[in-house]
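**Q** Sharing a structure below in structure tokens format, with a few things to ask.
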Amino acid sequence: MTQDTIILSIETSCDETACSIIKNGNKILSNVVVSQIESHKRFGGVVPEVASRHHVETITLVIEQALSEAEMTPSDLSAVAVTEGPGLIGALLVGINAAKAFSFAHDLPLIPVHHIAGHIYANQLEEELQFPLVALIVSGGHTELIYMKDHLSFEVIGETRDDAVGEAYDKVARVIGLPYPGGPHVDRLSTKGEDTFNFPRPYLEPKSYDFSFSGLKSAVINTLHNYKQKGLEVKKEDVARSFQESVVDVLTKKTLNAVEQYEVKHLLVAGGVAANKGLRQRLESLCEEHEVKLSVPELKFCTDNAAMIGAAAYHLYHKEHFASLDLNGRSFIDIESIVY
């Protein structure tokens, strides 16, 4: 009889302190997330030093709660996994040092996990991945298209050249007077508006899968400034809808082009912006039309969490991809550079 693989995983790459216990890569025994949104909201974004201090205050409690909810003790575990990067270096180090201490104290293998790999494997918590596949990663810090032939095989075929899509949402939300984080607020407001501004669609060069949202963000800001200078009122809901339509057009067109070129029948969407209803609805319609299987995680697994880290760590465990106790945090890691 095959022994179960039970992994305690930790995620502290940005402004969520999270710990989860995952069995065999897809069964969630516990999933604890402490969000810092209220602390950062008044600054209009995440303050790295504040985030790190919050992680220090809560990391031990979060680990204890995850063990308690799963009704587990350290002796029941197969390994401990932690986000190595990319992320805020101070925040990462809190989780990494906690994981190293836990690993050393209980003689457990230590598994370093790439944050983006975690977002991709969040989909595994609901269903098996069908290879080959294309994954669209959309979050506050990342916009990428990744082709996967098999587990832990990552080929970046497109990425952002400037603002990530979530970052663009936050900046547009700020200029139209919406609170942080901007994505959910712009998404909700857009349902009440019309695409009256016809903002540019930044497709870049023909056949390119890269993204660029800086120009679109600037177009929105300049439009609002022009209206203000002329003493004209602008309908915020129309700005939100016009911006979102541009973003969704670009994301879906490039993604479906990649799906067709790489001849895959499974598309994954991951990251915080995967919770965007406008994007979800458009992709659902297009994937049904093109007979492509679409997987999008539950809303709670779109944003940062430790369950996704545990899902990815399951495959790393069976590859014996372990780290020593000199593991350090890395603010940037090229996902293609990691050899498993």
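The values are calculated or read from the model by the stated rules, or taken from the named source; none is laboratory data. All figures in this text were calculated on a predicted structure; none of them were measured in a lab. As a convention, Cβ positions derive from the backbone with ideal geometry for all residues, glycine included, and neighbour counts pool all protein chains shown. Just so you know, the surface numbers come from the protein's heavy atoms only, side chains and all, with ligands and any DNA or RNA stripped out. Shrake-Rupley method; radii C 1.70, N 1.55, O 1.52, S 1.80 Å.
**Q** Return yes when Tyr203 is open to solvent by less than 40 Å² (accessible area, probe 1.4 Å), among the aromatic types (Phe, Trp, Tyr) and closer than 30 Å to Asp334 by Cα and no when it is not.
**A** no
**Q** I need the full set of residues from the range 245-272 which are open to solvent by 10 Å² or more (accessible area, probe 1.4 Å) and either of a type in the set (Lys, Arg) or within 20 Å of Arg174 (Cβ to Cβ) (or both), in order please.
**A** Within the range 245-272, Glu245, Lys253, Lys265, Gly272 meet the criteria.
**Q** What residue, among those in the range 68-97 that are of a type in the set (Asp, Glu) and either assigned to a helix (DSSP H, G or I) or modelled with pLDDT under 95 (or both), is least open to solvent (accessible area, probe 1.4 Å)?
**A** Among those residues, the one meeting the criterion is Asp76.
**Q** Checking the structure you have, find out if any residue of the range 283-295 is closer than 26 Å to Asn31 by Cα and either in contact with a Cys (Cβ under 8 Å, 6 or more places away or on another chain) or outside any helix (DSSP H, G or I) (or both).
**A** Within the range 283-295, one or more residues are closer than 26 Å to Asn31 by Cα and either in contact with a Cys (Cβ under 8 Å, 6 or more places away or on another chain) or outside any helix (DSSP H, G or I) (or both).
**Q** Which residue is nearest to the chain's Cα centre (by Cα), if the candidates are limited to the range 217-247 and must be aliphatic (A, V, I, L, M) and within 16 Å of Asp163 (Cβ to Cβ)?
**A** That would be Val247.
**Q** How many residues does the range 132-167 hold that are within 15 Å of the chain's Cα centre (by Cα), open to solvent by less than 50 Å² (accessible area, probe 1.4 Å) and among the small types (Gly, Ala, Ser)?
**A** Count: 5.
**Q** In a strand (DSSP E or B) and either under 29 Å from Gln36 (Cβ atoms) or open to solvent by less than 50 Å² (accessible area, probe 1.4 Å) (or both): does that describe Leu129?
**A** Against the criterion (in a strand (DSSP E or B) and either under 29 Å from Gln36 (Cβ atoms) or open to solvent by less than 50 Å² (accessible area, probe 1.4 Å) (or both)), Leu129 does not qualify.
**Q** Among (1) without any contact (Cβ under 8 Å) to a residue 24 or more places away in the chain; (2) within 21 Å of Ile21 (Cβ to Cβ), which single condition is Asp326 missing?
**A** Tallying (1) without any contact (Cβ under 8 Å) to a residue 24 or more places away in the chain; (2) within 21 Å of Ile21 (Cβ to Cβ), Asp326 fails exactly one: (2).
**Q** Residue pairs, Cβ under 7 Å, 6 or more apart or interchain, first in the range 151-170 and under 28 Å from Val339 (Cα atoms) and touching a residue at least 40 places away in the same chain (Cβ under 8 Å), second polar (S, T, N, Q) and part of a loop (DSSP other than H, G, I, E, B). List them.
**A** Close Cβ pairs (under 7 Å, with a partner that is polar (S, T, N, Q) and part of a loop (DSSP other than H, G, I, E, B)) amount to Thr160/Ser212; Arg161/Ser212; Asp162/Ser212; Ala164/Ser139.
**Q** Please indicate, with yes or no, whether at least one residue in the range 51-67 is open to solvent by 50 Å² or more (accessible area, probe 1.4 Å), in contact (Cβ under 8 Å) with a residue 60 or more places away in the chain and more than 19 Å from the chain's Cα centre (by Cα).
**A** no
**Q** Mind counting the residues in the range 24-50 that are open to solvent by less than 50 Å² (accessible area, probe 1.4 Å), free of Cβ contacts under 8 Å to residues at least 24 places away in the same chain and either within 25 Å of Ser68 (Cα to Cα) or basic (Lys, Arg) (or both)?
**A** Residues meeting the conditions: 1.
**Q** Residues to consider are Ser285, Ser208; find the one that is open to solvent by 10 Å² or more (accessible area, probe 1.4 Å), in contact (Cβ under 8 Å) with a residue 12 or more places away in the chain and polar (S, T, N, Q).
**A** Criteria check complete, one pass: Ser208.
**Q** Give just the number: which of (1) in contact with a Leu (Cβ under 9 Å, 6 or more places away or on another chain); (2) closer than 18 Å to Ala274 by Cβ; (3) open to solvent by 10 Å² or more (accessible area, probe 1.4 Å); (4) touching a residue at least 60 places away in the same chain (Cβ under 8 Å) does Lys100 not satisfy?
**A** (2)
**Q** Out of the range 231-244, which residues are without any contact (Cβ under 8 Å) to a residue 60 or more places away in the chain and of a type in the set (Lys, Arg)?
**A** Hits for the range 231-244 are Lys235, Arg241.
**Q** Out of the residues in the range 302-334 meeting the condition of being open to solvent by less than 10 Å² (accessible area, probe 1.4 Å) and assigned to a helix (DSSP H, G or I), tell me which one is farthest from Asp187 (Cα to Cα).
**A** Selected residue: Leu316.
**Q** Looking at the range 216-230, which of its residues are closer than 23 Å to Ile137 by Cα, touching a residue at least 24 places away in the same chain (Cβ under 8 Å) and surrounded by fewer than 18 Cβ atoms within 10 Å (Cβ to Cβ)?
**A** Listed by number, the list is empty, since nothing qualifies.
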